[in-house]
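Structure first, commentary second.
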Amino acid sequence: MPNHNGDAPHHNLYINGEWRAPLAEQYRPTIDPSTGETLGMIAQADIEDTRLAIKAARDAFDDGYWAQMAPGERSRLLHALVDAIEARQDEIAEAEMRDGGCTWRKAYLLDIPVGLIHFRHFAKLADMEPLEPVSQITFPAMSYNFVVREPIGVCAQIIPWNFPFLMAIWKMAPALAAGNTVVIKPATFTPLSLLKLTEIIHDTGLLPPGVFNVITGPGQVVGPELCTSPLVDKIAFTGSTEVGREIMQQAASTIKKVTLELGGKSPNIILEDADLDLAIDGSLWATFMHNGQACESGTRLFVPASIYDEFITRLVDRAAKLKLGHSSDGETDLGPLISAGQLKSVEEYIKLGIEEGATPVLLGKRPDAADLQNGYFISPTIFTDVDNSMRIAQEEIFGPVLCVIKYNGLEDAIRMANDTIYGLAAGVWSRDVDNAIGVARRIQAGTVWINDYHMINAEAPFGGYKQSGIGRELGTWGLKEYLEVKHIHVPLNNARSGKFWFDIVTPQLAD
Ligand code: NAP
Ligand code: MG
């Protein structure tokens, strides 16, 4: 990789509480996908750098100071960190907007405030009672038993480019709250918000050296070291199902704990009695938030035959009005895709949909506007006449492409909704909430929203059924993924007569 020496600021690795240049002194640019402008030069860690970061995290964990800190004290510290991040949240929003193509409105109304809420949630949970009694045990021995939850150790965490700040919080906040140490790696396309967050954390001086380490660099180099190192205890990953499979295989060599948040092809089901005004705009929100670059997007829209024509006419009319633009423009509804490669991949899927026989009632195009020529822009596509078995209905496109599938009867809709390798999320739209709950119960997905979409709460679990992942993030479920469970047994009778095991191996030794 060339060693770019542009004027753009250079960003180093954060290891053992210090910023340090990568050993091989390699940097690569990160760009603004709205304009192609280079925003910074990012250190490219290699295996040796990765080992240094892992070692720092290992030593900080084994030292015991962080892991054994009183839960209340760790909670107080994390709350102070969130206060510091909140005070400088505009710097993070700016990084998120420029580096990842997140629109101004989405950064300020969603990603940054929600990230702060989620971090606070885990700061609060850090003070959770770590001791749980086990109900009375009389066999095999009258005893008092309790369970303590303890940190797992060194947690390696790999983040995708679509929600860089939020996904970093979902990983580091529960890991730190539980008393683990962390080596976190942002996606190559979007390192800046995590690096800004790290700068803020560093400036507070609140975390002991080595507790929190950040390495930037190619996933294909850094990832295998994180996933196979015997010094790492857990790997948490958000990204594609394809890389998730590789990670699971690599983690097998040392039986690491693994949590995976992977892809989706989520069904969004309109029932006949839905409030159409709400369901139509809700379907646009479900699909086109962040241009469809969200794992839980409702990209398969099931519409009943009885209201199909009216629904599609109104949906297309609204979708055609969405405004493409630079991410930092407050008027923009849809920003750029993340990269030239992603744009090409989306265009190939549009071509494939036409070849497969679907009808593009709204056909996505690159915009003509002169100021959008250097970014990776494409307007929304809506396909009708989609059969659920088509590749465009089964494969994750990760762009602004909506597949509409007509159904006759609810059983038909539920069968097709579940006919996918994924199971991350779903939507159901109906005025009859009881009926909608009945449908929700039959969908194989980790989250189902009724008359809503993308409503992810700090207190509720998020994660996938089937090939959408393993484990859950958020809620108390998200914290427990970062805690080991230890059972401690204390007998109430230590006399020989109270120990039934004397009679199994050593009865002849009895006095
Ligand atoms: P990706 O290629 O899987 O990359 C995700 C992360 O993994 C990046 O940090 C990447 O690093 C790293 N990586 C790449 N190859 C690796 C390897 N061999 N070992 C370890 N790490 C490796 O996915 P993406 O294209 O960035 O993100 C889009 C995908 O993520 C979509 O499929 C989407 O559904 C999924 N996603 C899921 C969720 C969820 O919550 N379930 C959330 C967001 C996204 P580099 O950037 O350096 O390549
Ligand atoms: Mg970038």
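What follows draws every value from the coordinates through simple rules; no lab data is involved. Quick caveat: nothing in here was measured; it's all calculated off a predicted structure. A quick note on method: Cβ atoms are made from the backbone with ideal geometry, for glycine too, and the neighbour counts reach across all protein chains shown.
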25 Å Cα-Cα reach of LYS171 towards lysines, excluding residues that sit fewer than 8 places from it in its own chain: LYS55, LYS106, LYS124, LYS185, LYS196, LYS234, LYS256, LYS257, LYS265, LYS466, LYS480, LYS486
Relative contact order %, segment 267-450, counting alpha carbon pairs below 8 Å whose residues are six or more apart: 27 percent
Segments 263-276, 168-181 sorted - mean Cβ within 10 Å per residue, highest first: 168-181, 263-276
Cα shape, segment 154-205, gyration tensor, a/c 1.5 rule: oblate
Considering only segment 267-450, percent of DSSP beta bridges that pair antiparallel, nearest 5: 15 percent
Degrees, to the nearest 10: 433-442 long Cα axis against longest axis of the chain: 70 degrees
Sequence-separation-based contact order of the chain, relative, with Cα cut under 8 Å and 6+ spacing, percent: 17 percent
Neighbour-count order for HIS290, HIS79, fewest beta carbons within 10 angstrom listed first: HIS79, HIS290
Residue-averaged 222 nm ellipticity for the chain, from DSSP H runs of 4+ at -39500 (n - 2.57), nearest 500: -10500 deg cm²/dmol
Neighbour-count ranking [beta-carbon atoms within 10 angstrom, fewest first] of LEU52, LEU226: LEU52, LEU226
Sequence ranges 230-242, 445-457, ranked by mean other-Cβ count within 10 angstrom, highest first: 230-242, 445-457
Alpha-carbon Rg with Dmax, taken over segment 267-450, Å: 15.9, 51
C-alpha long axis of helix 71-87 to longest principal axis of the chain, angle in °: 30 degrees
Exposure proxy order (Cβ contacts within 10 Å, fewest to most) of ARG28, ARG314: ARG314, ARG28
Residue-count net charge about LYS234 - beta-carbon cut-off 10 Å; Lys, Arg +1, Asp, Glu -1: -1
Local electrostatic count, LYS171, Cβ distance below 14 Å [Lys/Arg +1, Asp/Glu -1]: +1
Lys, Arg +1 and Asp, Glu -1 on Cβ, resulting dipole of segment 203-291 about Cα centre, debye, nearest 20: 680 debye
Per-q log10 I(q)/I(0), the chain, q = 0.13 Å⁻¹ (Debye; single scatterer per alpha-carbon; no solvent): -1.24
Degrees separating the helix 241-251 axis from the principal Cα axis of the chain, which is the longest one: 20 degrees
Residue-count net charge about VAL505 - beta-carbon cut-off 15 Å; Lys, Arg +1, Asp, Glu -1: +1
Neighbour-limited loop hits for trypsin sites (Lys or Arg not before Pro), segment 422-489 (at most 16 other Cβ within 10 Å; DSSP other than H, G, I, E, B): ARG431
